[in-house]
Amino acid sequence: MNNIIFRIVANLLWRMGRITGFTYNEINIIVYYFLIPFSWLFLLDSIFHFHYLKIGFIFYCLGFRMGCRDFRSYSDRLFDQSAAFLNYFNKFGSNYVASSVWICVAIPVVIYGVLIYFALQ
């Protein structure tokens, strides 16, 4: 099941990259380091009835965009570091695919579930 979920997510990211013109590594970083955190902050702002978190994150992203000279190289390095983090769990009997599914899919889905639940209260 992990292999199926991994392939679905990887193919989705790859297709998003082809559509947008970004590389796989770039789209991966955009989704996991910018879009997902922004959506969580958006939900937290909805829960607490303010706008500070998402506005702060937008300013952070704008500053990052102005300061990042080569996003492709940055994304490649960050992707490699993320892969190394996921491979760290190999010493505990996991593998890259399983760690990716648990950390990059299952945990975010649970976080979305909790945030959406409280946002709808």
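The values are calculated or read from the model by the stated rules, or taken from the named source; none is laboratory data. Since the model is a prediction, treat every value here as computed from it, not as a measurement. Because the Cβ atoms are built from the backbone with ideal geometry, glycine has one as well, and the counts that use them run over all protein chains shown.
Residues that are touching a Phe, Trp or Tyr at 6+ places or on another chain (Cβ under 6 Å), modelled with pLDDT of 95 or more and farther than 30 Å from residue 121 by Cβ: does the stretch 83-93 have at least one?
In the first step, residues of the stretch 83-93 are kept if they are touching a Phe, Trp or Tyr at 6+ places or on another chain (Cβ under 6 Å); the result is 86-87.
If we keep only those that are modelled with pLDDT of 95 or more too, we end up with 86-87.
Narrowing further to those that are farther than 30 Å from residue 121 by Cβ: 86-87.
Within the stretch 83-93, one or more residues are touching a Phe, Trp or Tyr at 6+ places or on another chain (Cβ under 6 Å), modelled with pLDDT of 95 or more and farther than 30 Å from residue 121 by Cβ.
Is it the case that the stretch 112-121 has a residue that's in contact with a Phe, Trp or Tyr (Cβ under 6 Å, 6 or more places away or on another chain), under 23 Å from residue 2 (Cα atoms) and either among the hydrophobic types (A, V, I, L, M, F, W, C) or modelled with pLDDT under 95 (or both)?
No, the stretch 112-121 contains no residue that is in contact with a Phe, Trp or Tyr (Cβ under 6 Å, 6 or more places away or on another chain), under 23 Å from residue 2 (Cα atoms) and either among the hydrophobic types (A, V, I, L, M, F, W, C) or modelled with pLDDT under 95 (or both).
Of everything in the stretch 7-57 that's in contact (Cβ under 8 Å) with a residue 60 or more places away in the chain and among the aromatic types (Phe, Trp, Tyr), which residue is farthest from residue 103 (Cα to Cα)?
This residue is 40.
Is one or more of the residues making up the stretch 35-43 hydrophobic (A, V, I, L, M, F, W, C), closer than 25 Å to residue 119 by Cβ and more than 15 Å from the chain's Cα centre (by Cα)?
yes
In the stretch 1-92, which helices (runs of 4 or more DSSP H) lie fully inside it and hold 3 or more residues that are loosely packed, with under 12 Cβ neighbours inside 10 Å? First the steps, then the outcome.
On the way: elements: 2-20, 24-29, 36-48, 52-67, 71-88.
Output list reads 2-20, 52-67, 71-88.
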